[in-house]
Amino acid sequence: MKDPVIFIVDTNPVHGNMVKYQLSARKFSSVWLFTSVEECLYRIRKQSPDFLITEYDLGNYRGEDLLRMASKISPLTPVLFFTSFEDPAIAERLLAEGAKDYIVKTGRIEPSIAELIRNMEFLHSETR
């Protein structure tokens, strides 16, 4: 099985690095962390990732902006939201627009990261 390429976009470096660390600890070796949408989109143009994990609030952008732009560049890349932004209406809308998951970061982020990884492993097994 090929190791999936995973892109993470999070303007909070602590959260982004925690997710990257946990993925690396689970033997995902090709994990890229971006702190800006522009940087991530540039990289997607060079290499389509197997997963794109993003926060909803990205400073000058919102999650639906990145979802729309990334889907145009790399339509087969699943986009998973891993966010502090808890709003069921937004989650429902993003899922209807093509996001594969919407996980809310809880006070203790480790259980949320574990849920994210389980869902990614499930999605990855479905594509094989």
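Values for this structure:
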read-out: Residue that is nearest to residue 7 (Cα to Cα) [pool: residues in segment 54-76 that are in contact (Cβ under 8 Å) with a residue 40 or more places away in the chain and of a type outside the set (A, V, I, L, M)]; value: 54
read-out: Residues located in segment 95-107, provided they are assigned to a helix (DSSP H, G or I) and either surrounded by 13 or more Cβ atoms within 10 Å (Cβ to Cβ) or of a type in the set (Asp, Glu) (or both); value: 95
read-out: Checklist (1) in contact (Cβ under 8 Å) with a residue 40 or more places away in the chain; (2) surrounded by fewer than 19 Cβ atoms within 10 Å (Cβ to Cβ); (3) closer than 18 Å to residue 110 by Cβ; (4) of a type in the set (A, V, I, L, M) applied to residue 5, failing item; value: (3)
read-out: Test result for residue 92, outside any helix (DSSP H, G or I), exposed (fewer than 13 other Cβ atoms within 10 Å of the Cβ), of a type outside the set (Gly, Ala, Ser) and more than 13 Å from the chain's Cα centre (by Cα); value: no
read-out: Given (1) surrounded by 13 or more Cβ atoms within 10 Å (Cβ to Cβ); (2) of a type in the set (Asp, Glu); (3) without any contact (Cβ under 8 Å) to a residue 60 or more places away in the chain, number of the condition residue 86 does not satisfy; value: (1)
read-out: Failed item in (1) surrounded by fewer than 12 Cβ atoms within 10 Å (Cβ to Cβ); (2) in contact (Cβ under 8 Å) with a residue 40 or more places away in the chain, with residue 26 passing the rest; value: (1)
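Just so you know, all these numbers are worked out from the coordinates, no wet-lab data involved. Note that this is a predicted model, so its numbers are computed, not measured. Here the Cβ is made from the backbone with ideal geometry for all residues, glycine too, and neighbour counts use every protein chain on show.
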